[in-house]
Amino acid sequence: MNNLMSMETVIEATYLIATALFILSLKWLSSPTTARRGVFAGEAGMVLAIAGTLLHHGIVDYKWIAIALVLGTVIGIPLGNVQMTAVPQRTALSHAFGALCVTLVGTAEFYLRAPNIAPFMMAVLSMEVILGSLTFTGSLMAAGKLQEILPQRPITYKGQNFVNLALLACAVGIGIILVMHPDQMKLFPAMIIIPLIFGVMLVIPIGGADMPTVISLLNSYAGLSAAAMGFVLNSKLLIIAGALDGSSGLILSVIMSKAMNRSFTNVLFGGFGQIQTSGGGAAKEAPPVRSATPEEAAAILAAASKVVIVPGYGMAVAQAQHKVREMYDALTKRGVEVTFGIHPVAGRMPGHMNVLLAEADIPYDKLLEMDQVNGDIPQTDVALVIGANDVTNPAARSDTSSPIYGMPILDVDKARTVMVIKRSMAAGFAGIDNPLYYLDKTLMLFGDAKNFVSSIVKDLSGGG
Amino acid sequence: MKLDLITSLYVFMLAAFIGFEIIRRVSPLLHTPLMSLTNALDAIAVVGAIILAGEHKMGASPKDSLAAVLGTIAIVAATSNIVGGFIITDRMLKMFKSSGPKKP
């Protein structure tokens, strides 16, 4: 008995140390200089906690645990080595896996304990299972959309919000019935299946531009369901890890919604597509635009002393980031001060654009946040927009009828010269016309981002 | 049992506050690695799955079999998150370089 007690103490100690390491891990992530230490702390905590758990005296069968750990590792390694452009879908997929784990454990716990489950316990168990299963399918849908297996366009239909709310209400209702009558075991499968459907329905109407918010929100749900699992299993470690993950997801969702000037409810129930079609209005005769060749663009860039580059997801789609780095090098060598203005929603998940540029070896201290850049733009000679559209649209500042009115933007129109690399004059992702293109100081650079930038680079290094 | 739940609620609340304070300080530069790291840490749910799978012998009773099967699948899912999450986070963070010390 004594021996058993001390083993329990050892296990609890590993959990306690793991918790501390997890908190330190996130704390060290605050700066790029200490961030890798943070990953190490997280890994150490994880290994410690798993080792501690394996010491658990109640474990009678190690065979399946070992097989599962190996299989999970085999699946995890390729998922850790995807391309950087694929990180958003990988992240969505891992939210799905996390939610799957939580839902399965919750289901097993229910059938092991039913019908003798105290009301509070049943309430957290319901929360665990509902959040877990809706996050599972919702994240799979998000991953499918990001991977472009599923159509990226928002799919909307009449009465969609009503259907969704009704589904959620059903699931919660069943949860409440089970809290009061935990012996109604037949109801339990419905409490999994309905949220599974709800998760699909929730993500169907959401378009690609809203993915950063949705991923963050699903991240938050995954965290909260894990915390609920912690309550069920009475594991403080899991409660804390879940709470950290949940609050992280929530903070990111708030930042993302603010960056798009939309509320959560608007993202979830608005369906950007609906607003666009009504906001489009009658097609007007397009005013003339000025365009320029790569040679002209290179000459203007070389003559500038301060350049801000505003990259958007289009740059990543064109795989132009490495050419952009070459351009950055060529300009820096000529003494031009080059910085990058990163809008919070650039890319397909929070911070995605920074990762893509860092991958192309652009130093992170040149990657500036929107507020920093907007302060500098009036003193900037050239603002070069590559593959970004809506985040530079001045209509968001001035045109109250614009669907993106009020969204914080990068004020590139305040630079002395604006250059926009774009395939054609076709409207951007959200289908909104951009008055920036018709300004006198704007030069349109028509072409594929990668080819155009490489022509500029050739000119900068050749004409030198 | 009652007391455990209350303590758990306190723990949850304090952890949520700590989470908010720490994560608010993370630079937007690192929001993608932040999400993949919290995701990996969240997969600590594997400890619950391990106990579930380990305490119940496959075939001992229908309930035991169910718990063992679901627990085993849950371990696979969580482990793939742990391994994949840490690998990709580290890969991303390795790429962030400052312009200060110029490499040749």
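The values are calculated or read from the model by the stated rules, or taken from the named source; none is laboratory data. Keep in mind that what you see is a predicted model, and the values were worked out from it rather than measured. Note: ideal-geometry Cβ built from the backbone for every residue, glycine included; neighbour counts use all protein chains shown.
Taking residues in the range A:95-108 that are farther than 16 Å from A:GLY72 by Cα, and partners anywhere that are outside any helix (DSSP H, G or I), the pairs with Cβ atoms closer than 9 Å and at least 6 places apart or on different chains are A:ALA108/B:HIS56. Residues in the range A:154-182 that are surrounded by fewer than 12 Cβ atoms within 10 Å (Cβ to Cβ) and either touching a Phe, Trp or Tyr at 6+ places or on another chain (Cβ under 7 Å) or not in a helix (DSSP H, G or I) (or both): A:TYR157, A:LYS158, A:GLY159. Here is the figure for the range A:14-61: residues that are assigned to a loop (DSSP other than H, G, I, E, B) and either more than 7 Å from every other protein chain (Cβ to nearest Cβ) or more than 15 Å from B:LEU52 (Cα to Cα) (or both) total 8. Among residues of the range B:60-79 that are more than 9 Å from B:ALA49 (Cβ to Cβ), those with a Cβ under 6 angstrom from a residue that is of a type in the set (D, E, K, R), sequence gap 6+ or separate chain, pair up as B:ASP64/B:LYS57. Entry remark, the range A:62-73: residues being at the interface with chain B (Cβ under 8 Å from one of its Cβ atoms) and part of a helix (DSSP H, G or I) number 8 in total. The residues listed here are B:LEU34, B:LEU41, B:LEU30; of these, the one that is in contact (Cβ under 8 Å) with a residue 60 or more places away in the chain, at the interface with chain A (Cβ under 7 Å from one of its Cβ atoms) and either surrounded by 24 or more Cβ atoms within 10 Å (Cβ to Cβ) or acidic (Asp, Glu) (or both) is B:LEU30. Restricting attention to the range A:339-366, the residues that are surrounded by fewer than 22 Cβ atoms within 10 Å (Cβ to Cβ) and without any contact (Cβ under 8 Å) to a residue 60 or more places away in the chain add up to 6. Considering B:SER80, B:SER65, the condition of being part of a helix (DSSP H, G or I) and more than 7 Å from chain A (Cβ to nearest Cβ) is satisfied by B:SER65 alone. Can we say B:LEU70 is at the interface with chain A (Cβ under 7 Å from one of its Cβ atoms), in contact with a Leu (Cβ under 9 Å, 6 or more places away or on another chain) and either at pLDDT below 95 or part of a helix (DSSP H, G or I) (or both)? Judged against the criteria, B:LEU70 is a match. Taken over the range A:82-105, the criterion of being facing another protein chain (nearest Cβ under 9 Å) and small (Gly, Ala, Ser) is satisfied by A:SER94, A:ALA96, A:GLY98, A:ALA99.
Just one of the listed residues (B:GLY19, B:GLY54, B:GLY48) is at the interface with chain A (Cβ under 7 Å from one of its Cβ atoms), in contact with a His (Cβ under 8 Å, 6 or more places away or on another chain) and either more than 17 Å from A:ALA243 (Cβ to Cβ) or not aromatic (Phe, Trp, Tyr) (or both), and it is B:GLY54.
A:SER257 falls short of the stated requirement of being part of a helix (DSSP H, G or I), at pLDDT below 90 and more than 30 Å from A:THR91 (Cα to Cα).
Being at pLDDT below 90, among the hydroxyl-bearing types (Ser, Thr, Tyr), surrounded by fewer than 16 Cβ atoms within 10 Å (Cβ to Cβ) and not assigned by TED's automatic domain parsing to the domain that holds A:PRO394 holds for only one residue in A:THR213, A:THR265, and it is A:THR265. Determine whether the range A:192-200 contains at least one residue that is farther than 21 Å from A:THR107 by Cα and within 14 Å of another protein chain (Cβ to nearest Cβ). There is no residue in the range A:192-200 that is farther than 21 Å from A:THR107 by Cα and within 14 Å of another protein chain (Cβ to nearest Cβ). Just so you know, in the range A:107-143 the residues that are at the interface with chain B (Cβ under 9 Å from one of its Cβ atoms) and in a helix (DSSP H, G or I) include one that is farthest from B:ALA74 (Cα to Cα), and it is A:PHE120. Of the helices (runs of 4 or more DSSP H) lying entirely inside the range A:321-403, the ones with 3 or more residues being within 13 Å of chain B (Cβ to nearest Cβ) are found at A:321-333, A:352-359, A:370-376.
Only one of A:SER454, A:SER424, A:SER398 is exposed (fewer than 15 other Cβ atoms within 10 Å of the Cβ) and either within 24 Å of A:GLN372 (Cα to Cα) or in contact (Cβ under 8 Å) with a residue 60 or more places away in the chain (or both). Can you tell me which? Before you say what the answer is, go through the steps one by one.
Working: A:SER454 fails: exposed (fewer than 15 other Cβ atoms within 10 Å of the Cβ); A:SER424 fails: either within 24 Å of A:GLN372 (Cα to Cα) or in contact (Cβ under 8 Å) with a residue 60 or more places away in the chain (or both).
After applying the criteria, what remains is A:SER398.
Examine the range B:50-62 for a residue that is closer than 30 Å to A:SER253 by Cα and assigned to a helix (DSSP H, G or I), and state whether such a residue exists. For the range B:50-62, residues closer than 30 Å to A:SER253 by Cα and assigned to a helix (DSSP H, G or I): absent.
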